[in-house]
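Structure first, commentary second.
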Amino acid sequence: MSTQVRPRAATARPRTALAAVATAPDYRRNFARRARLSDLLVVALWASGAAAAALFLASGGVDQFTSVAETVTSIGIVSGLVGTDFILVMLVLAARIPLIDRTIGHDRAIAVHRSLGKPALYLLLAHGALLLTGYGLSSGINPIAEIGPMLSLPDMPLAFIALGLMIAVVVSSLIAVRRRFSYEGWHLVHLLSYVSVAFALPHQLSVGGVLADGTLQRVYWIALYVVALGSIVTFRFAEPLVSSLRHRMRVAAVTEIAPGVSTIQLAGNDLRGLEASGGQFFIWRFWTPRTWWHSHPISLSAIPTASSARITVRNLGTGSAQLTTIPVGTRVSIEGPYGLFSDAARTSPKLAIIAAGIGVTPVRALLEQASFAPGEAIILLRASTPEETYHWDEIQAIAAAKGATCYTMIGHRPRGVDSWMTAADYERGVTLQSAFPDLADSDVFLCGPTMWLDLIEADVHVSGIRPEQIHAERFDW
């Protein structure tokens, strides 16, 4: 490990640095506010499912447990209500609502979204199976034979199609299956969840008396659908369209900075109005005949000016490879900014930043905007080969100007050992604590390839620092 940049002496802080320290954000108070909002969101998530079951029981559902058949049927109804509630909550979490993004971050929202997928599917499968069983017990026939009469009810064919679509969406989201898809292919399959929700709604309103016209339950469920689908329409479609039209971004230049890695310089109107923070990402769509149909989540590699912005792209597949040959003048539409990998997530004045490979992209923008006094930030840049030192010169220049220490590690990992550092540094006994002596009092920002990031994140957790001090950005989907 080599030190490329050393901090200026802390005893000789210029007057401007003292002023910056005096007006530094109250990181702990900001975190406490986000934590309270996060707790309220969690309470709201579980309360919505509890409310769905409670409204059914309070509206006569308690009286429907008088026989085995009615009990099985009632449990099936509750399973369907809670499962549908989870699906709607998943839509809200995936809608990229600014309040949720600023409170818990896009990555955590999507993680919760994914964690609800299988429980929601199991509840909906139980809903169908228990209703068939309950109806079969009531009529004295085989539950499978109930499928025919059930399909003859209004809107029930759409409900069966909705369940089939939801199965396809959840299965495609399993890690082992998802890896077989390109991002674009997986995204297209995932859009079926919107169709599934739309197909499921009619049978809820027309079949049975659970959501009968004029009941509080019906009002509650219609409100849930309005919030979920309204959030999707507003924040996934309308707001990005307005933002794209307002800022009118176009490709200004494409420059290869290393084999398979290019920067895309973008020009537009009032780009500071995007209010993007260093470390955040956008969803980019480039309007060419080859690329218009798929979008790309890519972090900023520099803070936008009034008229320009920049991203850095690595060739990791067909989709990203096409971006390196985008013609100058290509129109660009955007969604964002997203993510809490920024100063907004800070809990401490001190910073420990570790990045590998193309993971330096958001780190470069983060460091450019981050607020800290000289000597309060340490950056460690990691690469397997000298060809992978993307933007290192820019990061080192920013570190020197702001009084941060910047270390570098170049080389392959040691064989037979689960280590995130180079073989040479591992053999020399380099540790997190030796590189970052103030680690316990720092916010730790980590970014890089998934396998490497898992190793470094595990090492950071072992050090005993609080979970809220750790901020990781993964380049996967």
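FYI, it's all coordinate maths here, none of it is from the lab. What you see is a predicted model, and the numbers here were worked out from it, not measured in a lab. Note that we place each Cβ from the backbone using ideal geometry, even for glycine, and neighbour counts take in every protein chain shown.
The residues GLU473, GLU335, when put in order of fewest to most other Cβ atoms within 10 Å, stand as GLU335, GLU473.
Compute the convex hull volume of the Cα atoms of the range 249-338, divide it by the residue count, and report the result per residue in Å³ as a whole number. Can you show the working numbers first?
Values: hull volume 7.5 nm³, N = 90.
Measuring per residue, one finds 83 Å³ for the Cα hull of the range 249-338.
Of all the Cα-Cα pairs you can form in the chain, what percent are over 39 Å apart? Value for the chain (Cα pairs over 39 Å): 34 percent.
Determine how many Å³ per residue the convex hull of the Cα atoms of the range 17-142 encloses. Please list the in-between numbers first.
Details: hull volume 13.9 nm³, N = 126.
Roughly 111 Å³ of hull volume per residue.
Kirkwood hydrodynamic radius for the range 295-355: how many Å is it when counted over pairs of different Cα atoms? Please list the in-between numbers first.
Details: mean 1/r = 0.0694 Å⁻¹.
14.4 Å is the Kirkwood radius here.
Using the Cβ-Cβ distance between GLU239 and ARG290 with R0 = 30 Å, the FRET efficiency computed as 1/(1 + (r/R0)^6) comes to roughly 0.70.
Can you show me the helix-derived [θ] at 222 nm for the chain, built from DSSP H runs with n ≥ 4 at -39,500 (n - 2.57) apiece and divided by the number of residues, rounded to the nearest 500.
On the way: 18 runs with 233 residues, N = 477.
Here the helix-only value at 222 nm equals -15500 deg cm²/dmol.
From least to most packed, judged by other beta carbons within 10 angstrom and beginning with the fewest, THR408, THR215, THR312 follow the order THR215, THR408, THR312.
Ranked from highest to lowest mean number of other Cβ atoms within 10 Å per residue, what is the order of the peptides 320-327, 263-270? Mind dumping the intermediate values first?
Details: 320-327: 15.8, 263-270: 18.2.
Most protected by this proxy first, the peptides run 263-270, 320-327.
Computed 3J(HN,Hα) for the range 45-50, one whole-Hz value per residue from the Karplus formula 6.51 cos²θ - 1.76 cosθ + 1.60 where θ = phi - 60°, is 4, 6, 5, 5, x, 5, glycine and proline marked x. Classify the range 332-477: rounded, prolate or oblate, from the alpha-carbon gyration tensor (a ≥ b ≥ c, eigenvalue square roots; a/c under 1.5 rounded; otherwise prolate if a/b is larger than b/c)? Rounded, because the longest to shortest axis ratio a/c is under 1.5. The magnitude of the dipole of the chain, with charges of +1 and -1 set on the Cβ of Lys/Arg and Asp/Glu and taken from the Cα centre, is near 1080 debye. Amide H contacts under 5 Å for ALA302: ARG310, restricted to partners 5 or more places along the chain or on a different chain, H placed in the peptide plane at 1.01 Å from N.
Just how far, in whole angstrom, is the range 342-405 from the range 407-471 if you go by their alpha carbon centroids? Computed from Cα coordinates, the inter-centre distance equals 15 Å.
Extension gain for GLU275 to ASP155 (0.36 nm times residue separation, less C-alpha to C-alpha distance): 38.7 nm. Placing +1 on each Lys and Arg Cβ and -1 on each Asp and Glu Cβ, with no other charges, gives the range 234-273 a dipole about its Cα centre of roughly 160 debye. What is the helix-to-structure angle for 392-402, meaning the angle in degrees between its Cα long axis and the longest Cα principal axis of the chain, kept from 0 to 90 and rounded to the nearest 10? So the inclination is approximately 70 degrees.
Between the Cα long axis of helix 156-173 and the first principal axis of the chain there is an angle of about 30°, rounded to the nearest 10. Packing around the peptides 342-353, 281-292, taken as the average count of other Cβ atoms within 10 Å per residue, puts them in this order, highest first: 342-353, 281-292. Annotation: the residues VAL197, VAL254, sorted from fewest to most other C-beta atoms within 10 Å of their own C-beta, follow the order VAL254, VAL197.
Report for the chain the percent antiparallel among DSSP-assigned beta bridges with both residues inside it, nearest 5.
Percentage antiparallel, nearest 5: 55.
Couplings for the range 140-152, taken from phi via the Karplus curve 6.51 cos²θ - 1.76 cosθ + 1.60 with θ = phi - 60°, read x, 10, 4, x, 5, 5, 6, 4, x, x, 5, 5, 7 Hz in order; Gly and Pro are left as x. What would the Debye equation give as log₁₀ I(q)/I(0) for the range 28-242 at q = 0.11, 0.13, 0.18 Å⁻¹, counting only Cα atoms as equal point scatterers? Relative scattering, expressed as log10 I(q)/I(0), comes to -0.59, -0.81, -1.38.
For LEU380, the residues whose amide H sits under 5 Å from its own are ILE353, ILE354, ALA355, TYR407, ignoring neighbours fewer than 5 places away on the same chain, with H placed 1.01 Å from N. When you restrict to C-alpha pairs under 8 Å that are six or more residues apart and normalise by the size of the range 249-338, the relative contact order lands at 39 percent. Length, then width, then depth: along the principal axes, the Cα atoms of the range 104-152 run 51, 19, 12 Å.
So, by mean Cβ neighbours within 10 angstrom, what's the order for 108-117, 458-467 with the highest one leading? Show your work: numbers first, answer last.
On the way: 108-117: 16.8, 458-467: 13.1.
Ranked by mean Cβ neighbours within 10 Å, highest first: 108-117, 458-467.
Identify the residues of the range 410-426 with backbone N under 17 Å of a label point that sits 7 angstrom from the Cα of VAL462 along the Cα-to-Cβ direction, or state none. Only 413-426 pass the distance filter.
Its Kirkwood hydrodynamic radius, worked out from the mean inverse distance over all distinct Cα pairs, puts the range 324-402 at 14.4 Å.
Computed from backbone phi, the HN-Hα couplings of the range 283-293 come to 9, 9, 10, 9, 8, 10, x, 8, 10, 4, 8 Hz, rounded to whole numbers (Karplus: 6.51 cos²θ - 1.76 cosθ + 1.60, θ = phi - 60°; Gly and Pro given as x).
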